[in-house]
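Colleague: Once you've had a glance at the structure underneath, I'll fire off some questions.
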Amino acid sequence: MSGSDPTRRLLLGGALTGAATGLAACDKLAASPQVNERLNLAEGMNFHVQRLLLGRNALAREYPESAIAPDFRANGTTNPDSEDYQAHVADGFKAWRLEIGGLVERPLSLSLDELRQAPARSQVTRHDCVEGWSSIAKWKGATLGPLLDRAGVKPQAKYVAFFCADTLELTLDGTGDYYETIDLADAHHPQTILAYEMNNQPLPVAHGAPIRLRLERQLGYKMAKYVMRIELIDSFAKLGQGKGGYWEDRGYQWYAGI
């Protein structure tokens, strides 16, 4: 697998040509009926191609370290200004803990050191942004599937929700919570990791420290930065506007397969 569905990328390329970068571009694209109409055309097809034809564990393409980009753009928020997050930055994330709860038998509370001791994976992959740019980097982090197995996912759970320190702006429901969701199949994909290293160094603040989600068969906006809490849920209908994520609430597609 090349890690990029040709039909999806063709639609993206046509829709995003000439788009500006940064949050202004994301807001502009999300508000564009033409962009969303074209992405919606590819949405169902990509989901079925990836799940039925390629298989749930088909891997995104991985590259040699020689392909790592010298400058990987830090998109969106690059330093959340919440007092709690800044306190964690100040003490090197020593007091930070990742909470894994919701529909699980054994809720977890893990320090960054404990997360580093969990089963891990390293991968050099290409990050594809909805704005039309791509970049290659090396990521290392705890594989999400074994962590969920350790917590004991209850049968009624269908999705994994990630809640972040990154707020960007107040979300549409007024809570200010930045969030993202994926289903259990993608959560257990072997390349789905909670990355705490980037290019053999601790994950920088600008790229989501202490951990960010890496979901290599989806577009970049699915890869939540500054993850603080994970919950197993049976539905995301009551989160935000019920679309499954911060950008999805603004018109983006929930399954952003590439």
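The values are calculated or read from the model by the stated rules, or taken from the named source; none is laboratory data. Since this is a predicted model, take the numbers as computed values, not measurements. Positions of Cβ are backbone-derived with ideal geometry, glycine not excepted, and every protein chain shown enters the neighbour counts. Surface areas here come from the heavy atoms of the whole protein model, side chains and all, with no ligands, DNA or RNA. Shrake-Rupley method; radii C 1.70, N 1.55, O 1.52, S 1.80 Å.
Colleague: Test of understanding: what is the full-extension gain from GLN156 to GLU83, defined as 0.36 nm times their sequence separation minus their Cα-Cα distance?
Modeller: Residue separation times 0.36 nm, minus the Cα-Cα distance, leaves 22.8 nm.
Colleague: Roughly speaking, what is the stretch gain from ASP149 to SER135, that is 0.36 nm per residue apart minus the C-alpha to C-alpha distance, in nm to one decimal?
Modeller: Working it through step by step, the gained length comes to 1.9 nm.
Colleague: Computed FRET efficiency, Cβ-Cβ of ARG61 and ALA118, R0 30 Å: what is it to the nearest 0.05?
Modeller: Result of the calculation: an efficiency of 0.75.
Colleague: For the stretch 71-172, report the accessible area per residue in Å² (1.4 Å probe, heavy atoms, rounded to an integer).
Modeller: 47 Å²
Colleague: Here's a follow-up. Could you tally the net charge around LYS158, taking each other residue with its Cβ under 11 Å from the Cβ of LYS158, Lys/Arg +1 and Asp/Glu -1?
Modeller: -1
Colleague: Per-residue accessible area for ASP183 at 1.4 Å probe radius, Å² rounded to 10?
Modeller: 20 Å²
Colleague: Also, I was wondering about something else. Can you pull the percent of the stretch 157-258's accessible area that's carbon plus sulfur, 1.4 Å probe, other chains left in place?
Modeller: About 50 percent, which is the carbon plus sulfur part of the accessible surface.
Colleague: Still on this structure, I have one more. Trypsin sites (Lys or Arg not before Pro) within the stretch 150-258: which are DSSP loop residues with at most 16 other Cβ atoms inside 10 Å?
Modeller: Those that pass, being in a loop and sparsely packed, are LYS158, LYS238.
Colleague: Tell me which lysines have Cα within less than 23 Å of LYS158's Cα, excluding those fewer than 8 residues away on the same chain?
Modeller: Answer for LYS158, where 23 Å is the Cα cut-off: LYS222, LYS225, LYS238, LYS243, listed by chain and number.
Colleague: Going by the alpha-carbon gyration tensor, a ≥ b ≥ c the square roots of its eigenvalues, is the stretch 81-231 rounded (a/c under 1.5) or, if a/c is not under 1.5, prolate (a/b greater than b/c) versus oblate?
Modeller: Rounded, since a/c falls under 1.5.
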